[in-house]
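Structure, as C-alpha cells:
The values are calculated or read from the model by the stated rules, or taken from the named source; none is laboratory data. Everything quoted here is computed from the prediction, not taken from an experiment. Virtual Cβ from ideal backbone geometry, glycine too; neighbours counted across all protein chains shown.
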C-alpha cells in the first residue's frame, strides 16, 4: 500500500474550501452569532467566578435577608441573606458543567456504540438497536429522575443520569450516519486497498460523521442544562448549600410573594443560556448541512 | 393493516423485554441490600422475610428476574411502601388527572403551533417568519417549571385571576376543573407548541414547493383554499406522527408542571415516590411509560399509513 494511494482517497469531511464556506455561512447568520456570544459570555462568567467582585455564594448577611435588588446586591438577596447575583454566577458553573459533562458521557458512550452497530450490522446492530429503542422508550426526564433516585441525589449522579438518558440519541444518529458513509466510494476504495476495521472507522468514518454529531451535541447541551435545572429543582441534582439555578428556583417558589426576584433572575439565566445553545446549534446545522436551507 | 400491526407488535417484544431488564436492574443500583431498603424504616423481620420470598432474593439473579417479570406480566408491579396500595392501582388512579392535563396541553399546543407554522412557512423570509421562529425557539428554551412559577406570580398572586394550585375532577365540575387546569396546561403546552410550529413550518415549506400547489394556484383557486385544503392537508401527515411521539415529552413535562401546581397526577406520583424511597412505584412507572411509549410508536406508524396510503403496500 503506497502512501500516495491512501492520500488520494483520504476523506476529509470538510475540505478547506468547504470549511471556510461553512464558517462564512455561520458568520452571516446573526442568530447563530448571537447564540455564540451568549454561550461565550456564560462560559467566561462561570470560569471567572472566583475573580469577580461579588460576595461568596455561601456568605450570609443576616441584616440583609430577602432584600430587593439594590446597589449592594444588584439581584437582591435570598431567604438567608446570600447575594443572588453571586449564587447565580457560581450556579453557572454547575449548569454548564452539567450540560457539557453529561453530553460528553452521552457522546463517548453513544457514538462508538452507534458506529459499531452501523459498521458491523447483523446481530451486533440488532442488539444495539433494540437496546437503544428500549432506552428511548422511557421519556428522557423520567429516566433521569429514576436513575437519579436510585443512584442517590447529587450533581455527579444527575450528570450520569442525564448522560445515560441522552445517549440513545447519539447511538441512533451515529449509526444512521455510519450506514450512509459506508456506501461512499472512498470507504469502498479504502477497504479495497486493505485498510483494517479500526483504521477504516477511525480515519474514514469518524471524521465524516462528526459534523452532525457536533450539531446534535450543541442542541443536547441545551436539553441537558434544562434537565439538570429540573433535577436540581426537584431536589435530585446539586445539593444545598452549593449553588445551582434549579435549586435556587426550588427555594424561590416558597417566597414568591415576599421575594419574587429570587425566582426571576435564575430563570432568566437558564432561559438565556439554553437559548444560546439552541441558537448556536441551529446555526451550526445550517452552516454544516448543505441540504438545510 | 392487521398484518402490519402484528409485525410491529412482534418487533416490539424484544424492546419490551429489554425495558423490563433495565427496570429490574434499577433495584440493583441501590447501595446495600435492596430488600432492606424496600422494607422501609421499620425493618420488620416478617416483612423482610416475605419480600425475600416474593422476590426470590436467595435465588440466582436470572431466576429473580423471571419471578419479577412473571408478576409484572400478571399486572403485579409490587406494593407501594407508602400507601400499601398495589402499584398498578396507584398508577391507574393518578393517570386520568395527567391525561386531562395532557389533552388540554396538546389542544393548546395544536391551536398555537400549527397556525403559527403555516403562517411562518407562507411568509417565509419576512418578519412574520422571523418573529415566529424567535418565539418558537424561546418556547423551547424556557424551562417550563420557571414559566409556571412566573405565571403563578403574575396571574394568581398579582392579578388573582386563576387559582395557583389544586385539582377538581372534570366529572364533578367541568368549568371549575378547566379553570384550575388551564394555566398548567398552557405551561406544559408552550414547548410542544414550539416543536409543532417548527415541524409544521418545515412540512409546509416542502409541500408549498410541489407541483400540485402550483397547479392549484394556476387553476385560480383562492389562496386560503390552496393553503388549507391542498397544502396543510398534506403537510399534516408528518405532523400527526410528531404529535403521537410528543407523548413522552408530555409525560416528562407533566412531572414538573404537576409539582409546581400541586396537581395530584402521575408526575407528582413519581416525585413523591422518589422522595419516599418508594422504589416499586418508581420501577412501575418507568415500565408503564416505556410500554405506553412503544404502543404510541406503533400507533404513530399506523396513523402514518392510514394518512399516507402510498405507504400501505410497503
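A few notes on this one:
- Consider the stretch B:268-298 and keep the residues that are closer than 17 Å to residue A:230 by Cα and touching a residue at least 12 places away in the same chain (Cβ under 8 Å). The one that is surrounded by the most Cβ atoms within 10 Å (Cβ to Cβ) is B:270.
- Residue match in the stretch B:205-214 (condition: more than 25 Å from residue A:236 (Cα to Cα), at pLDDT 85 or above and within 10 Å of chain A (Cβ to nearest Cβ)): yes
- Taken together, the residues in the stretch B:150-168 that are touching a residue at least 24 places away in the same chain (Cβ under 8 Å) and under 20 Å from residue B:96 (Cβ atoms) amount to 3.
- Any chance residue A:121 is more than 10 Å from chain B (Cβ to nearest Cβ) and at pLDDT below 90: yes
- Residue within the stretch B:147-164 that is within 28 Å of residue A:234 (Cβ to Cβ), surrounded by fewer than 16 Cβ atoms within 10 Å (Cβ to Cβ), modelled with pLDDT of 90 or more and touching a helix residue (DSSP H, G or I) at 6+ places or on another chain (Cβ under 6 Å) present: yes
- Evaluated against (1) buried (at least 20 other Cβ atoms within 10 Å of the Cβ); (2) under 30 Å from residue B:25 (Cβ atoms); (3) at pLDDT 95 or above, residue A:39 falls short on exactly one condition, (2).
- Count of the stretch B:253-278 residues which are in contact with a helix residue (DSSP H, G or I) (Cβ under 9 Å, 6 or more places away or on another chain) and farther than 20 Å from residue B:164 by Cβ: 8
- Residue within the stretch A:132-144 that is touching a residue at least 24 places away in the same chain (Cβ under 8 Å), within 17 Å of residue A:247 (Cβ to Cβ), out of contact with any strand residue (DSSP E or B) (no Cβ under 9 Å at 6 or more places or on another chain) and surrounded by 20 or more Cβ atoms within 10 Å (Cβ to Cβ) present: yes
- Residue in the stretch B:260-307 that is farthest from the other protein chains (Cβ to nearest Cβ), counting only those that are part of a loop (DSSP other than H, G, I, E, B) and either modelled with pLDDT under 85 or over 14 Å from the mean Cα position of the chain (by Cα) (or both): B:264
- Screening the candidates A:214, A:195, A:226 for the property of being crowded, with 17+ Cβ neighbours inside 10 Å and away from every other protein chain (no Cβ under 14 Å) yields one hit, A:195.
- The condition of being more than 9 Å from every other protein chain (Cβ to nearest Cβ) and without any contact (Cβ under 8 Å) to a residue 40 or more places away in the chain does not hold for residue A:152.
Yes/no per residue for (1) more than 20 Å from residue B:206 (Cβ to Cβ); (2) over 12 Å from the mean Cα position of the chain (by Cα); (3) surrounded by 24 or more Cβ atoms within 10 Å (Cβ to Cβ); (4) outside the structural domain of residue B:155 (by TED's automatic domain parsing):
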position	(1), (2), (3), (4)
B:222	yes, yes, no, no
B:238	no, yes, no, no
B:241	no, yes, no, no
B:245	no, no, no, no
B:258	yes, yes, yes, no
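- Within the stretch A:198-215, one or more residues are in contact (Cβ under 8 Å) with a residue 40 or more places away in the chain and within 30 Å of residue A:89 (Cβ to Cβ).
- Single residue of the stretch A:244-271 satisfying the filter (assigned to a loop (DSSP other than H, G, I, E, B) and at the interface with chain B (Cβ under 9 Å from one of its Cβ atoms)) that is surrounded by the fewest Cβ atoms within 10 Å (Cβ to Cβ): A:257
- Scanning the stretch B:136-182 for residues that are more than 14 Å from every other protein chain (Cβ to nearest Cβ) and at positive phi turns up just one, B:166.
- Total residues in the stretch B:170-207, condition touching a residue at least 12 places away in the same chain (Cβ under 8 Å) and not in a helix (DSSP H, G or I): 1
- Tally of residues being in contact with a helix residue (DSSP H, G or I) (Cβ under 7 Å, 6 or more places away or on another chain) and more than 7 Å from chain B (Cβ to nearest Cβ) across the stretch A:124-142: 7
- All positions within the stretch B:123-145 that are under 23 Å from residue B:205 (Cα atoms) and either crowded, with 20+ Cβ neighbours inside 10 Å or in contact with a strand residue (DSSP E or B) (Cβ under 9 Å, 6 or more places away or on another chain) (or both): B:132, B:136, B:137, B:139, B:140
- Any hit, the stretch B:96-115, residues being more than 30 Å from residue B:224 (Cβ to Cβ), within 14 Å of chain A (Cβ to nearest Cβ) and either surrounded by fewer than 17 Cβ atoms within 10 Å (Cβ to Cβ) or modelled with pLDDT of 90 or more (or both): yes
- Residue within the stretch B:94-108 that is farther than 21 Å from residue B:265 by Cα and free of Cβ contacts under 8 Å to residues at least 12 places away in the same chain present: no
- In the condition set (1) within 11 Å of another protein chain (Cβ to nearest Cβ); (2) touching a residue at least 40 places away in the same chain (Cβ under 8 Å); (3) buried (at least 22 other Cβ atoms within 10 Å of the Cβ), residue A:238 is compliant with all but (1).
- Residue within the stretch A:272-288 that is touching a helix residue (DSSP H, G or I) at 6+ places or on another chain (Cβ under 7 Å), within 11 Å of chain B (Cβ to nearest Cβ) and without any contact (Cβ under 8 Å) to a residue 40 or more places away in the chain present: no
- When each of A:178, A:183 is tested for being without any contact (Cβ under 8 Å) to a residue 60 or more places away in the chain and more than 30 Å from residue A:90 (Cα to Cα), the lone residue that passes is A:183.
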